[in-house]
Amino acid sequence: MKLTPFDIIKTVKITEKANLQTEKFNKYTLATDPRATAPEIKAAVEELFKVKVVKVNTMNVRGKVRRQFTKAAGRTSDWKKAIVTLKKGDKISLN
């Protein structure tokens, strides 16, 4: 099954560390589909946001053990993180 750009990129992660990387190094942190490869992520970002991607770094993030309102522990889902470096001068509008 071929993944579309909308299937590959789930969301842009907005955290303190991600904002710092965006301001200083023009890097954006994305939550992506775990089956997506770095070249597929690069193509999806370039197509959806109309920017030039210089580099893509990916990592698989394990879910954490959590408790909510009970003693029984649950678990958050595993997910894939992609840190995308854009060409100088390009930006992704997050409005």
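We did not get these values from a lab; they are worked out from the coordinates using the rules stated. These numbers were taken from a predicted model, which means no experiment stands behind them. For neighbour counting, all protein chains shown are included, and Cβ atoms are generated from backbone atoms with ideal geometry for every residue, glycine included.
If you add up the charges near VAL54, with Lys and Arg at +1 and Asp and Glu at -1, over every other residue whose beta carbon is less than 13 angstrom from its beta carbon, what do you get? So the surrounding residues net to +4. Under a Gaussian network description of the chain, with springs only between Cα atoms under 10 Å, the residue in VAL61, VAL12, VAL53 that fluctuates furthest is VAL61. Across region 51-74, the residues whose backbone nitrogen lies under 13 Å from the label position 7 Å along the beta-carbon direction of LYS13 are 57-64.
Over all other residues within a Cβ to Cβ distance under 13 Å of ALA38, the charged ones net out to +2, with Lys and Arg as +1 and Asp and Glu as -1. All Cα-Cα distances of the chain, cut into 10 Å bins from zero to the largest, leave 15, 45, 26, 11, 3 percent in each bin in turn. Taking the chain as the reference, fit the longest principal axis to its C-alpha atoms, fit the long axis of helix 38-49 to the helix C-alpha atoms, and give the angle between the two in degrees, 0 to 90, nearest 10. Relative to the chain, helix 38-49 is tipped by roughly 70 degrees.
The charge dipole of the chain, taken about its Cα centre with unit charges on the Cβ atoms of Lys, Arg (+1), Asp and Glu (-1) only, comes to about 420 debye. Where in the chain lies the longest segment free of trypsin sites (Lys or Arg not before Pro) that are both loop residues by DSSP (not H, G, I, E, B) and have at most 14 other Cβ atoms within 10 Å? For trypsin sites (Lys or Arg not before Pro) (loop position, at most 14 other Cβ atoms within 10 Å), the longest site-free span of the chain is 3-34.
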